[in-house]
1. Note down the nm distance, to one decimal, between modelled labels 7 Å out along Cα→Cβ at residue 156 and at residue 639.
2. Arranged from highest to lowest average of other beta-carbon atoms within 10 Å per residue, in what order do the peptides 30-36, 368-374, 236-242, 255-261 appear?
3. For a test of the definition: using alpha carbon positions, the gyration tensor, and the 1.5 limit on a/c, classify the stretch 471-585 as rounded, prolate or oblate.
4. Can you give the convex hull volume of the alpha carbon atoms of the stretch 138-251 per residue, in Å³?
5. Roughly what percent of Cα-Cα pairs across the stretch 498-563 reach past 18 Å?
6. Expected output is a single nm value to one decimal: the length gained when fully extending between residue 461 and residue 96, i.e. 0.36 nm times separation in residues minus the C-alpha distance. What is it?
7. How do 335-346, 179-190, 501-512, 311-322 rank on mean C-beta neighbours within 10 Å, highest first?
8. Under a 1.4 Å probe, what is the accessible area of the stretch 717-799 per residue, stated in Å²?
Amino acid sequence: MNAKPFIIRHNRIIIWVLVILFSGCTPRPAPLFPEGDDIFGLASLIELQPDETEVLLADYFHSRSISKIDSVVTHPSLHGRISSDGSKLLLTARTLRVPHITAVTIWLNGKPYSLLTKRSARQEHTFTFDPEEDRYRSVAIRGEMTEWNPVPMNMIDGKWQLTLDLNPGRYQYLIVANGQDMLDPSNPEKVSNNAGGYNSLLEIGSVDRKNLPRIYTTGYKGNDINLQLVNNVDEVIVMWQNFRLPDDNLIRHGQHMHLYIPGDAFEMERSFIRVFAHNQHGVSNDLLIPLQYGLPLTDPEKLNREDREATIMYFLMVDRFFNGNPDRDDPIDDPEVAPRANFFGGDLDGVLQKLNEDYFTELGVNAVWFSPITQNPLEAYVEFPEPKRKYTGYHGYWPVTLTTIDHRFGEDEVLEQLVKDAHERDISVLLDFVSNHVHENNPLIIENPDWKTRFDLPDGRQNIRLWDEHRLTTWFDDFLPSLDFSKPEVIETMVDSAFYWINRFNLDGFRHDATKHVPLEFWRALTKKLKEQKMYPENKRLFQIGETFGSHDLISGYIGSGLLDGKFDFNLYWDARAVFAIDEESFERLDYSLYQSFNYYGFQNLMGNITGNHDMPRFISYAGGDLSFEEDDTEPGWERDIGVGDPVGYDKLASLTAFIITIPGVPVIYYGDEIGMPGANDPDSRRPMIFDGLTDNQIKVKENLKKLTRIRMSNLAFVYGDFNTLKVTDNIYAYSRYYFGNRAIVVFNKNSQAMDVSIDLLPSLMNVSWISHFGSDFTVEGDQLKMSLAPNSFEILTY
């Protein structure tokens, strides 16, 4: 029987016996907190706003519990109250000296739940453009901080200026003068946009990481967890589930701390300890410690598919994966449709066949996400962009129905069997759900024509693919009306549709399409229904991950309690793709990007770290040089046969894969990347999967992935461990992961030459016997690790 998180077992005698056996007969500590199930899962941090911060209580608490809230207790630097209608927690700062991290206690029927707050790091920055001798009618700025929408600048004292509140980080941007993009002439820093041009680059609020606090686990005995504190930690806040541990459970001796697990944890199969710290310079890394009946989980064999932090996901397009039942084949008979834009015959039967052949198990993935499977149209359509080619709905993103499976993919019985067999192999199944739009032939929009957003704009333009300018209303094409989520009946209908798939087929979650084009009200309504009608009653930890191309601010706005669990970290991927594919790009860019993600999403996060996806060119074609960053990424796929190019692309792909497997977050393997399939952008990046007749290089890449997944799943340091950069230069990148003595070091060499590397080790990495997994020669002398790395290679050491 698969273990499930947050389940309170009633056979307490058996639990008590087990606890005594595994804790050396140490008596179980007393429980501290009244039993409560008012919050499902772990409450996310609240970022404080400059003025008043509004927190929707329904994001955190079950609707039946909100009316039972008694009172709110805050840190002295904050004032907290419940709104008059009882729906919101309102927080305002009493002073400028609000701690970086603090807790708000919400008393509910005698239970002291704690929600953590994080002080905003935003600061004002004024952009200035000096026209000198030139005259401009209008000047604006657009970039990552404006979601690439032009924001007008104002002429002040002969210069164009704009002041924005920005989080620390690096921002790409352009000046828009008289409607024309240009680099900022006053800023010499620029970066390739990976599309043949450049953007200006600005860094806001540089922070010296060496001064930030750091915390890590060193061991445990019974219910006593030992923590090491680094860099003059001012305060440590520890949470068990959603309760803050009292000071009596935290005994500090200088830079060491004993953390005593409360007795409540020994009654639960899976619960969590979270640890946060801060000092005058900022916030530490955060720790997430899973507990198995009250004791820290240190045995990877005790992980199960609902331990979402341990997810390794595989994404496949049903039509392009495997044809398991040719009787279902029904391509569109239209001479104007190119074969690559038509159905190839892949189906759910094919996915089921490969599942039962243990294809996914042998790869080492424990979650499969597949493209949408609702009925799509029986005709082809001309897409809006030039050169206006004709496509079919082979991909599944043009839903004609909301709750029926496309006859070309299968029927209910096949999906039922697929999910059942996957669960027997401890593999989760996630469905790609389209909520933003429907096809014009969908009865939903035919019967409710007023449910679509405006197509013709007041300025005479058509509202098609205005991704950022009209983010919440734009259409993907003229035959794909976007739904108007300002109407409650639209939200209710689409929530019910999504819930149907989870409830009917026992799915484990969703990959949500086009998340940023759907307002937050929908995501809140969906998550609330999933929690209150599925997760709470069945103690089932579902997983929702969304697709958003945009800034860190935009992406993070869709993550948290009441919203989604994670998003795909495209910003990190763009930097990883550039650094691993382009010889001249420095690892410093990647390291900075990774920590920028940590600042927004936390060190312990459920962000999707991808090898690629169906909406972009294959990484390996860039890495091998057969596709250039300087050319259009789509048309070459129609004009020539895009391959790998230089075989070094396989080595670079192996390094990218090693990176996403060994950093915090959820690794996501796009089908075909396990063998290095090449291709330009859609539809060339969606070629039929290859299973037989693999080349030596393809076999090598596949075996590399298998080895990496085994390493990750046998070392909890890669799942729950902290993260520390050990060395970063243009061509060398080294970092460590650490979890209760399980230690790992990952080292990359992106140079085209072999390199001898010397790395300074942290004290926690010294005096251990390291195992090399990829055969590199190395020695350790005191605090120095010396290693010889082949060109374009990596090494992983574990202990």
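The values are calculated or read from the model by the stated rules, or taken from the named source; none is laboratory data. This one's a predicted model, so the numbers in the text were calculated from it and none came from an experiment. In this analysis, Cβ positions are derived from the backbone assuming ideal geometry, glycine residues included, and neighbour counts consider all displayed protein chains. The area values use the complete protein model at the heavy-atom level, side chains included, leaving out ligands, DNA and RNA. Shrake-Rupley method; radii C 1.70, N 1.55, O 1.52, S 1.80 Å.
1. Using points 7 Å along Cα→Cβ, the separation is 4.6 nm.
2. On the way: 30-36: 13.9, 368-374: 23.7, 236-242: 22.0, 255-261: 18.3.
Per-residue mean Cβ counts within 10 Å order the peptides as 368-374, 236-242, 255-261, 30-36.
3. On the way: a/c = 2.30, a/b = 1.46, b/c = 1.58.
Oblate.
4. Details: hull volume 24.6 nm³, N = 114.
Once divided by residue count, the hull of the stretch 138-251 is 216 Å³.
5. On the way: 728 of 2145 pairs.
Across the stretch 498-563, Cα pairs with separations above 18 Å total 34 percent.
6. Numbers: separation 365, 0.36 × 365 = 131.40 nm, distance 4.68 nm.
Working it through step by step, the gained length comes to 126.7 nm.
7. Details: 335-346: 17.2, 179-190: 13.1, 501-512: 20.3, 311-322: 24.1.
Descending mean neighbour count gives 311-322, 501-512, 335-346, 179-190.
8. Numbers: 3110 Å² over 83 residues.
Per residue, the stretch 717-799 has 37 Å² of solvent-accessible surface.
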